[in-house]
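Peer 1: What follows is a structure written as structure tokens; I'll ask about it next.
Readers should treat all values here as calculations from the given coordinates under stated rules, not as data from a laboratory. Quantities reported herein were computed from a predicted structural model and do not represent experimental measurements. Every residue, glycine as well, gets a Cβ built from its backbone with ideal geometry; the counts of neighbours run over all protein chains shown.
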Amino acid sequence: MALSLSSFLVPISLLLVSGGYCATVTYDFDVGWVHANPDEAFNRPTIGINGQWPIPPIVATKGDRIVVNVKNSLSNESTSLHFHGLYQNGSTHMDGPPSVTQCGIAPGSSFTYNFTVDQPGTYWYHSHSRGQYPDGLRGPLIIHDPDSPHKDLYDEEIVLTFSDWYHDLMDGLLAGFISIANPSGAEPVPNAALVNDTQNLTVSITPGKTYLFRMVNMGAFAAQYVWFEHHTMQIVEVDGIYTEPTDADMIYMTAAQRYSVLITAKNTSDANFAFVGSMDQDLFDVIPDGLNPNVTGWLVYDNGKDKPAPQEVDAFEPFDDFTLVPVDKEEAYSHVDHTVQLDLKMDNLNDGANYAFFNDVTYVAPKVPTLYTALSTGANATDPAIYGSNTNQFVLGANEVVEIVLNNNDPGKHPFHLHGHAFQVVSRSDEEAGSYDASNAPELPATPMRRDTILVRPNGNVVLRFRADNPGIWLFHCHIEWHVASGLIATLIENPLGLQDQLAGKIPQNHLDACKTSNEPTEGNAAGNTVDLLDLTGEYKSPGELPAGFTARGIVALVFSCIAAFLGMAVISWYGIQPVKAKTG
Ligand SMILES: *[C@@H]1O[C@H](CO)[C@@H](O)[C@H](O)[C@H]1NC(C)=O
Ligand SMILES: *[C@@H]1O[C@H](CO)[C@@H](O)[C@H](O)[C@H]1NC(C)=O
Ligand SMILES: *[C@@H]1O[C@H](CO)[C@@H](O)[C@H](O)[C@H]1NC(C)=O
Ligand SMILES: *[C@@H]1O[C@H](CO)[C@@H](O)[C@H](O)[C@H]1NC(C)=O
Ligand SMILES: *[C@@H]1O[C@H](CO)[C@@H](O)[C@H](O)[C@H]1NC(C)=O
Ligand SMILES: *[C@@H]1O[C@H](CO)[C@@H](O)[C@H](O)[C@H]1NC(C)=O
Ligand SMILES: *[C@@H]1O[C@H](CO)[C@@H](O)[C@H](O)[C@H]1NC(C)=O
Ligand SMILES: *[C@@H]1O[C@H](CO)[C@@H](O)[C@H](O)[C@H]1NC(C)=O
Ligand SMILES: [Cu+2]
């Protein structure tokens, strides 16, 4: 009976699809260098699409298939696209990170992303190749919902992207950031903040109307405080999850987070009003002279009237997203099957540079993309060892309730993102609370806030839960691009045997060709060994640890004179290169 029922249901759903409810939305993206000057201060090479920058938004409707044909015309960098926040349920091979679910798309090559979207909301897409999205390859991705619970509450919707902007290209900035000349790991500070890849944006407002503002932080580093003068925001969606409408005067949007807010216009056109994005300068180790952390725009009711300068706010007191309640009232998972504990620290390795670590391991991409290891190793795919010694891998069983306990043993704020899922945020400490103590845990929220990117506070912790109901290879990483580059990444290998049932033998030829072009293997363990899966000889590794007895933090200067000798570079003058200071980012 069960069998005949399910074989009956399948044709029905196919019928609905072919009945015209779902469309295929196709984008042909030729990725290449253009020039841009969004802050009117500095013209620089920027990564555009089809000769243009800002790059186009991707827009579809719930249920649609999205096809993105990417041609890499960059000539000097390989690329990739990640569709941030989309679960890629059944299509982990379309998720984007090179060396994880695909090989990078080499200059001159093409690659097709092809997947369906069942989740409405505000997302974005960006390169997942080293340091590349801050150079321009990032844009909004909106999935409309004919059945939105809030659709009767607004008249129009407006997309606003927030970001930080660098005048220098990432390639050079990264070389300086992860270097013996920057032992404290001070991150480059952005030169400007942008809204919609510009400044002084005007948004036309009609009195009496209610607007849905879909806001995305596409920045590389800076979180932004956002507020609209004399208008209240009503939060209705965070990271693709509908929330009970909740008022906020100011929100704090980390890199990669999204907020949809309703704003009801005044009934008269007597004045125009500023809105502001203000970069959180706590993240910056140094505040360069003349930096303007703010970007201003205006709600323009009357073009003939002034656009008043924003008033200074006394204090940044943003809304606490932890208190949001999802519309679906999904209850907190009260039973956990699998706890993944991640202790975060920053430290130096013996090349003198500063790296980021989970559980004393800094992520290094494997030789074989982790997905291809999982698909080519049969029953051994459940053995974490085959994925290498530098990938911070965790193998999750089918449908387990997984809990990530993240202890931030660093004085910086970090926005953490999980691919493939939204998670329940069941606990988040204040700063300086130290590590999570399960025996003294706060009471579970009944219907916890869910999202895909969450701030963890300085020397604090956060506890996240989700059900492993989406076979795939999913990264969990800090979304500060500097920290991605310095290794703050873990790899979740979710239900690898279920994944083999879904995808073994089904990776499209153009994906395999991408590996062939760049000479990367597509079978075997992290080192490309197909014979002895436990032999990782030749795998990619991080630089070694500092000699025993040396802990870099606090005695950086001493350590570095030792390393200089160690490396035979005794003549390097540390103090001339970079002042040694405590790291706060
Ligand atoms: C925005 O306006 C400010 C203040 O007038 C100005 O300094 C800045 O250059 C403007 N930005 C752009 C992109 O026009
Ligand atoms: C890549 O090409 C762009 C555009 O010509 C150039 O500005 C950039 O410096 C190049 N990057 C590298 C690493 O050579
Ligand atoms: C996308 O995938 C669907 C389903 O597998 C397939 O029918 C379609 O041909 C694919 N489209 C492209 C452009 O690859
Ligand atoms: C901001 O940019 C998005 C595309 O990224 C566009 O859809 C939207 O209309 C822009 N908003 C305004 C107010 O111009
Ligand atoms: C605008 O007018 C309507 C109807 O007169 C009223 O219900 C609403 O509260 C007013 N809105 C504002 C923002 O004053
Ligand atoms: C940016 O905005 C904040 C908050 O209103 C204000 O304190 C600060 O002075 C502004 N900075 C500049 C350079 O305008
Ligand atoms: C993935 O799809 C399966 C059904 O095919 C569903 O049970 C599961 O909840 C989905 N997972 C996510 C994260 O969307
Ligand atoms: C896979 O695991 C089995 C059992 O542990 C082992 O005997 C076999 O050699 C492994 N396969 C490879 C290719 O290493
Ligand atoms: Cu970080």
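Peer 1: Whose amide H sits under 5 Å from the amide H of THR46, counting only residues 5 or more places off or on another chain, with H placed in the peptide plane?
Peer 2: VAL34, HIS35, ALA36
Peer 1: At 0.36 nm per residue, minus the direct Cα-Cα distance, what do ASP152 and SER179 gain on full extension? Give it in nm, one decimal, please.
Peer 2: Numbers: separation 27, 0.36 × 27 = 9.72 nm, distance 5.36 nm.
Full extension of this stretch gives 4.4 nm more.
Peer 1: Here is a follow-up. Could you work out how much longer the chain between ASP302 and THR530 gets when fully extended? Use 0.36 nm per residue separation minus the Cα distance between them, nm to one decimal.
Peer 2: On the way: separation 228, 0.36 × 228 = 82.08 nm, distance 6.79 nm.
Full extension from ASP302 to THR530 adds 75.3 nm.
Peer 1: Next up: Simple spin-label model, 7 Å along Cα-to-Cβ: GLU400 to ALA271 in nm?
Peer 2: Between GLU400 and ALA271, the simple spin-label model gives 5.7 nm.
Peer 1: Still on this structure, please answer the following. Each residue of region 112-121 in order: what ³J(HN,Hα) in whole Hz does its phi give by Karplus 6.51 cos²θ - 1.76 cosθ + 1.60, θ = phi - 60°, with x for Gly and Pro?
Peer 2: These are the phi-based 3J(HN,Hα) values: 10, 9, 8, 7, 9, 10, 10, 10, x, x Hz.
Peer 1: Charges at C-beta only: +1 for Lys and Arg, -1 for Asp and Glu. How large is the resulting dipole of the chain about its Cα centre, in Debye rounded to 20?
Peer 2: I would put it at about 980 debye.
Peer 1: Long-range amide H contacts for GLY524: which residues qualify at under 5 Å (H placed 1.01 Å from N, peptide plane, sequence gap of 5 or more or a different chain)?
Peer 2: SER376
Peer 1: If each Cα of region 151-326 is one equal point scatterer, what is log10 of I(q)/I(0) from the Debye formula at q = 0.11, 0.14, 0.19 Å⁻¹?
Peer 2: Log10 of I(q)/I(0), two decimals: -0.50, -0.78, -1.27.
Peer 1: Now for a different question. Say a paramagnetic label sat at a point 7 Å from the Cα of ASP351, along Cα to Cβ; which residues of region 127-149 have their backbone N under 20 Å from it?
Peer 2: 129-133
Peer 1: Please give the net charge around TYR154, taking every other residue with its beta carbon less than 14 angstrom from that of TYR154, where Lys and Arg add +1 and Asp and Glu add -1.
Peer 2: Result for the neighbourhood of TYR154: -3.
Peer 1: Work out how much length THR246 to GLN311 would gain on full extension: take 0.36 nm times their residue separation and subtract the Cα-Cα distance, in nm to one decimal.
Peer 2: Length gained, THR246 through GLN311: 21.0 nm.
Peer 1: For the chain, what relative contact order do you get, as a whole percent, if you take Cα pairs closer than 8 Å and at least 6 residues apart? If you can, show how the numbers build up before the last one.
Peer 2: Numbers: 1481 pairs, mean separation 84.4, N = 585.
Answer for the chain is 14 percent.
Peer 1: Still on this structure: Got a sec to turn the phi values of region 42-48 into Karplus ³J(HN,Hα) couplings, 6.51 cos²θ - 1.76 cosθ + 1.60 with θ = phi - 60°, whole Hz, x for Gly and Pro?
Peer 2: Coupling constants for region 42-48: 6, 8, 9, x, 9, 8, x Hz.
Peer 1: Using a Cα-Cα cut-off of under 30 Å, which lysines could be cross-linked to LYS367, ignoring same-chain neighbours fewer than 8 residues away?
Peer 2: LYS71, LYS345, LYS506, LYS516, LYS541
Peer 1: In nm, give the distance between the simple-model label positions of ASP513 and ASP28, each being 7 Å from the Cα along the Cα-to-Cβ direction.
Peer 2: 1.6
Peer 1: Please pull out the direction-averaged projected area of the chain, using the convex hull of its alpha-carbon atoms, in nm² to one decimal place. Don't jump to the answer; show the numbers that get you there.
Peer 2: Values: hull surface 115.3 nm².
Over every viewing direction, the Cα hull of the chain projects on average to 28.8 nm².
Peer 1: May I pose another question? Using the 10 angstrom Cβ neighbour count as an exposure proxy, how do GLU229, GLU481, GLU157 rank, fewest first?
Peer 2: GLU157, GLU229, GLU481
Peer 1: Give a residue-ordered list of calculated ³J(HN,Hα) values for region 242-256 (Karplus: 6.51 cos²θ - 1.76 cosθ + 1.60, θ = phi - 60°; whole Hz; x for Gly, Pro).
Peer 2: Ordered by residue, 3J(HN,Hα) equals 5, 10, 4, x, 9, 6, 8, 8, 8, 10, 10, 10, 6, 3, 5 Hz.
Peer 1: Which is farthest toward the positive dipole end of the chain among VAL238, PHE423, PRO547, measuring Cα position about the Cα centre, with Cβ charges +1 (Lys, Arg) and -1 (Asp, Glu)?
Peer 2: It is PRO547.
Peer 1: Here is a further query. Report, for region 338-517, the % of DSSP beta bridges that are antiparallel, rounded to 5.
Peer 2: The antiparallel proportion sits near 75 percent.
Peer 1: Tell me the volume per residue, in Å³, of the convex hull enclosing the alpha carbons of region 134-229.
Peer 2: Working: hull volume 13.2 nm³, N = 96.
Measuring per residue, one finds 137 Å³ for the Cα hull of region 134-229.
Peer 1: For region 340-416 and region 98-149, what is the separation of their C-alpha centers, rounded to whole Å?
Peer 2: Cα centroid of region 340-416 versus Cα centroid of region 98-149: 22 Å apart.
Peer 1: On to the next question. Using only the alpha carbons of region 1-149, determine the length spanned along each of the three principal axes and report them from longest to shortest in whole angstroms.
Peer 2: On the principal axes, region 1-149 reaches 67, 34, 20 Å in Cα extent.
Peer 1: Taking amide H atoms as placed 1.01 Å from N in the peptide plane, list the residues 5 or more away in sequence, or in a different chain, whose amide H sits under 5 Å from that of CYS103.
Peer 2: CYS515
Peer 1: While we're looking at this one, here's another question. Which FRET efficiency value, to the nearest 0.05, is calculated for ASP430 and ASN43 with the Förster distance at 56 angstrom and r the Cβ-Cβ distance?
Peer 2: Numbers: r = 43 Å, r/R0 = 0.77.
Approximately 0.80, to the nearest 0.05.
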